[in-house]
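Undergrad: Before I ask anything, let me first share the structure, which is written out below as structure tokens.
The values are calculated or read from the model by the stated rules, or taken from the named source; none is laboratory data. No experiment lies behind these values; they were computed from the predicted model shown. Methodologically, a virtual Cβ is constructed for each residue, glycine included, from the backbone with ideal geometry; neighbour enumeration extends over all protein chains shown. Accessible surface is based on the protein model in full, side chains and every heavy atom, while ligands, DNA and RNA are left aside. Shrake-Rupley method; radii C 1.70, N 1.55, O 1.52, S 1.80 Å.
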Amino acid sequence: MSFDVLQDKIRALKNPTVAGLDARIDYVPEHLRQAAYQQYGVGLKGACEAIYQFNVGLIDALCDVVPAVKPQSAYYENLGWQGMEMLERTIRYARSRGMFVIADVKRGDIGATASAYAEGWLCGAPVEGQAFRSFDADCVTVNGYMGSDAIRPFMEAARADDRCLFVLVKTSNDSARELQDMVAGDRLVYQVMGDLCQRLGKGTEGKYGFTMVGAVTGATYPSDIRALRRRLEHTFFLVPGYGAQGGTAEDVQYAFNEYGHGAIVNASRSIMCAWKKTGGDGRDFADAARAAAVAMRDDIRRYVTVI
């Protein structure tokens, strides 16, 4: 399963983290913005080219430190078709540099619509009996709160080419408890969702023991992560909320098993925007991002040893 690929990359770098590529134009240093505007004008095309050059610089700086990147599609969709074309280029470039790509799309529809999403992001669109890839991610995030009908089409697409998915289980936002902490029989709603993920993934375990259906479990709820890790032994966790949202290395340690396996921790702004804290003009953005990523890795290593 594809989580074996991710775990192999984590073990090789001894770094269970993923860098978000959620770039807004105001995250991009002035010199990149002005160069793009000079060539393409101030507008969607210029903004897309500036962000792409920013992404390339980040990927080049991080690819031998961080095993994966996680572009959030909203930051590309808001730039129209140019933004989506630039996202495809970004994913392609990250994969060419050996990075695992988690497309953070949080799709949550059912039936044929879910299948179409899954084709676009994972296995390719069918045209005259052939499958043609568009975004070609290794993994996607899925909102499964419509039930298994919102998850199974992504499983089918992922299974076709050894890929995988993360389903929202216990998210890091404050209002998550309004729904996810509600009592449903003898369980809480997020526990029901976690159990569903493990049940759907049963039989797809890879060499590390994890199924193709992972879970998003927020760093801001460490006691819940600890309970979920015990409950979902075969489920790989994507852990948002570290850094800017308040989650700490001490909090995220509970997402891992005794071998330091089974989880990857996300940080976005703290890496992308690290250059804003160096006092320079942004020409050091790649070095600043790398330093922030190394600091995050070393912070987590104080609590987690990847074997």
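Undergrad: Quickly run through segment 90-114 and pick out the residues that are among the small types (Gly, Ala, Ser), surrounded by 15 or more Cβ atoms within 10 Å (Cβ to Cβ) and within 17 Å of residue 53 (Cα to Cα).
TA: 94
Undergrad: Also, quick follow-up: So which residues in segment 162-175 are farther than 11 Å from residue 118 by Cβ and within 19 Å of the chain's Cα centre (by Cα)?
TA: Once the filter is applied, which keeps residues that are farther than 11 Å from residue 118 by Cβ and within 19 Å of the chain's Cα centre (by Cα), segment 162-175 yields 162, 164, 166, 167, 168, 169, 170, 171, 172, 173.
Each row is one residue, and each column tells you yes or no for (1) farther than 20 Å from residue 75 by Cβ; (2) surrounded by 15 or more Cβ atoms within 10 Å (Cβ to Cβ).
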position: 257; (1), (2): yes, yes
position: 261; (1), (2): yes, yes
position: 267; (1), (2): no, yes
position: 270; (1), (2): no, yes
position: 277; (1), (2): yes, no
position: 282; (1), (2): no, yes
position: 287; (1), (2): yes, yes
position: 298; (1), (2): yes, no
position: 303; (1), (2): yes, yes
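Undergrad: Enumerate the helices (runs of 4 or more DSSP H) found wholly within segment 246-307, keeping only those where 1 or more residues are under 24 Å from residue 55 (Cβ atoms) and modelled with pLDDT of 95 or more. Give the derivation first.
TA: Details: elements: 249-252, 269-272, 285-301.
The helices (runs of 4 or more DSSP H) meeting that bar are 269-272, 285-301.
Undergrad: When you go through 58, 87, 62, 79 one by one, which is the residue that is open to solvent by less than 70 Å² (accessible area, probe 1.4 Å) and in contact with a Cys (Cβ under 7 Å, 6 or more places away or on another chain)? If you could, list the steps in order and put the result at the bottom.
TA: Values: 58 fails: in contact with a Cys (Cβ under 7 Å, 6 or more places away or on another chain); 87 fails: in contact with a Cys (Cβ under 7 Å, 6 or more places away or on another chain); 62 fails: in contact with a Cys (Cβ under 7 Å, 6 or more places away or on another chain).
Among 58, 87, 62, 79, only 79 is open to solvent by less than 70 Å² (accessible area, probe 1.4 Å) and in contact with a Cys (Cβ under 7 Å, 6 or more places away or on another chain).
Undergrad: Now, a different point. Just to be sure, is residue 115 of a type in the set (S, T, N, Q), modelled with pLDDT of 95 or more and touching a Pro at 6+ places or on another chain (Cβ under 7 Å)?
TA: yes
Undergrad: Give me the pairs, please: first residue somewhere in segment 258-272 and within 11 Å of residue 66 (Cα to Cα) and in contact (Cβ under 8 Å) with a residue 24 or more places away in the chain, second residue anywhere and surrounded by 24 or more Cβ atoms within 10 Å (Cβ to Cβ) and among the basic types (Lys, Arg), beta-carbon distance under 8 Å, and either six or more positions apart or on two chains.
TA: Going by the 8 Å Cβ cut-off, the qualifying pairs are 266/70.
Undergrad: When segment 229-245 is examined, which residues are found to be under 18 Å from the mean Cα position of the chain (by Cα) and open to solvent by 40 Å² or more (accessible area, probe 1.4 Å)?
TA: Scanning segment 229-245 gives 244, 245.
Undergrad: In addition: Within segment 205-228, identify whether any single residue is touching a residue at least 40 places away in the same chain (Cβ under 8 Å), polar (S, T, N, Q) and open to solvent by 20 Å² or more (accessible area, probe 1.4 Å), and answer yes or no.
TA: Yes.
Undergrad: Still on this model: Looking at segment 7-53 only, could you name the residues that are part of a strand (DSSP E or B) and either among the aliphatic types (A, V, I, L, M) or open to solvent by 60 Å² or more (accessible area, probe 1.4 Å) (or both)?
TA: 18, 19, 21
Undergrad: Cβ-Cβ below 6 Å, separation at least six or inter-chain, first residue in segment 70-85 and within 23 Å of residue 41 (Cα to Cα) and touching a residue at least 40 places away in the same chain (Cβ under 8 Å), second of a type outside the set (A, V, I, L, M) and outside any helix (DSSP H, G or I): which pairs?
TA: Within 6 Å, the pairs are 75/22.
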